[in-house]
Every structure is written in structure tokens, then in C-alpha cells.
Amino acid sequence: MSKVLVVYGSSTGNTESIAQKLRDILTAAGQDVDLRNAAEVSAPGLADGFDAVLLGCSAWGMDELELQDDFAPLFEEMGSMNLAGKKLAAFASGDSAYEHFCGAVPAIESKGRELGATIIADGLKVEGDASSAPEDIQSFAEAVLNKL
């Protein structure tokens, strides 16, 4: 059994619904999952004590990437999370009408790699909420489970 931290930033509830579904799937597979809202945590030492970290953030933007308000400070302070040597995966909800559809995924993955984390699954990008892509969420969760 692995200890998995799932942190999400969600303004409309879409990314939160994905995070909850991921928690349910991982927990059902026997993992110890801690689900946290980005609005209620701070970055320093956040990854301590966890084997894997899943970060989810809604994002939008036409000219430049805009991260969800509660998640943006965590993203800026990712260096203090202690991600070096950790397993990391990213997920996002978004609206494909925006140029930066689910742009949080590549941003989180890139910064995580720079900080020494290992990306364990291709990022999950969902249009809308968890009900929009149950198969994609299941596949993402299985990819994560295979690397724990």
C-alpha cells in the first residue's frame, strides 16, 4: 500500500469531482489516499510522508496560461513541497474553447521534473467534470496504480 496525496484547485467543482473520483478508485485499490483542497494547504513540506502526489488544477487563458486562484500559490511554491524523488502525476479540467485547454497539466509536469519528481502517468485532461470522461479517469488511475 502506498500513501498518495491528491491536491486539487477547483473554482466550479469540476476538478474537485475528478479528484474525488481518483481518490475513490485509488482507495478501492487499497491505497491510502489523502484528498486536500489547494485552498486549505500550504506548499512547504506538503509532499513529506507520501509516496506519490497527484496535483489537479483547472486552467484557462487565451494569451497566457491562467491557473485556478487557489492552486496558483502552490504552483509558485512547488519547490518547497519536497517533490524530489517523489512520484507525480497531474490532472485538470478545462474548456477546449480556451487556447490553454488544461494547460495546468504540462505546467505541473514540467515543474515537477525540474524539481526531481518522476512523472508516473500521462496527464489527464478532462472537458468538464468527472462524469464527462469516466473511462479516461479510470485509465489515468490505473496508470498511476501501475507505478505505485
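Observations, loosely collected:
- Segment 118-131 residues that are more than 13 Å from Ala143 (Cα to Cα), paired with ones that are open to solvent by less than 20 Å² (accessible area, probe 1.4 Å) and part of a strand (DSSP E or B) (beta carbon under 6 Å, 6 or more apart): Lys125/Ala92; Val126/Ser93
- Out of Ser139, Ser96, sole residue that is of a type in the set (Ser, Thr, Tyr), at pLDDT below 95 and out of contact with any helix residue (DSSP H, G or I) (no Cβ under 8 Å at 6 or more places or on another chain): Ser96
- Being modelled with pLDDT under 95 and more than 23 Å from Ser2 (Cβ to Cβ) holds for only one residue in Glu77, Glu66, Glu114, and it is Glu66.
- Here Ala84 fulfils each of the conditions (1) of a type in the set (A, V, I, L, M, F, W, C); (2) loosely packed, with under 15 Cβ neighbours inside 10 Å; (3) in contact (Cβ under 8 Å) with a residue 60 or more places away in the chain apart from (3).
- The lone criterion from (1) open to solvent by less than 60 Å² (accessible area, probe 1.4 Å); (2) touching a strand residue (DSSP E or B) at 6+ places or on another chain (Cβ under 8 Å); (3) outside any loop (DSSP other than H, G, I, E, B) left unmet by Lys111 is number (2).
- Taking the criterion of being in contact with a strand residue (DSSP E or B) (Cβ under 8 Å, 6 or more places away or on another chain), in a helix (DSSP H, G or I) and either free of Cβ contacts under 8 Å to residues at least 60 places away in the same chain or within 15 Å of Ala143 (Cα to Cα) (or both), the residues of segment 20-34 that qualify are Leu22, Arg23, Leu26, Thr27.
- Looking only at segment 59-69, and only at residues there that are outside any strand (DSSP E or B) and in contact with a Gly (Cβ under 6 Å, 6 or more places away or on another chain), the one that is least open to solvent (accessible area, probe 1.4 Å): Gln68
- Segment 114-144: number of residues that are in contact with a Cys (Cβ under 9 Å, 6 or more places away or on another chain) and either open to solvent by less than 30 Å² (accessible area, probe 1.4 Å) or in a loop (DSSP other than H, G, I, E, B) (or both): 3
- Residues satisfying the stated conditions in segment 92-108, i.e. small (Gly, Ala, Ser), within 19 Å of Leu74 (Cα to Cα) and either more than 16 Å from the chain's Cα centre (by Cα) or assigned to a loop (DSSP other than H, G, I, E, B) (or both): Gly103
- Within segment 35-56, the set of residues being outside any loop (DSSP other than H, G, I, E, B) and exposed (fewer than 13 other Cβ atoms within 10 Å of the Cβ) comprises just one member, Glu40.
- Which listed residue, of Ile108, Ile137, is in contact with a Leu (Cβ under 6 Å, 6 or more places away or on another chain), in contact (Cβ under 8 Å) with a residue 12 or more places away in the chain and among the β-branched types (Val, Ile, Thr): Ile108
- Count of segment 27-58 residues which are of a type in the set (D, E, K, R) and modelled with pLDDT under 95: 0
The values are calculated or read from the model by the stated rules, or taken from the named source; none is laboratory data. None of these values were measured; they are calculated from a predicted model. So basically every Cβ, Gly included, is an ideal-geometry build from the backbone, and we count neighbours across all protein chains shown. Only protein heavy atoms, including side chains, enter the accessible area calculation; ligands, DNA and RNA are left aside. Shrake-Rupley method; radii C 1.70, N 1.55, O 1.52, S 1.80 Å.
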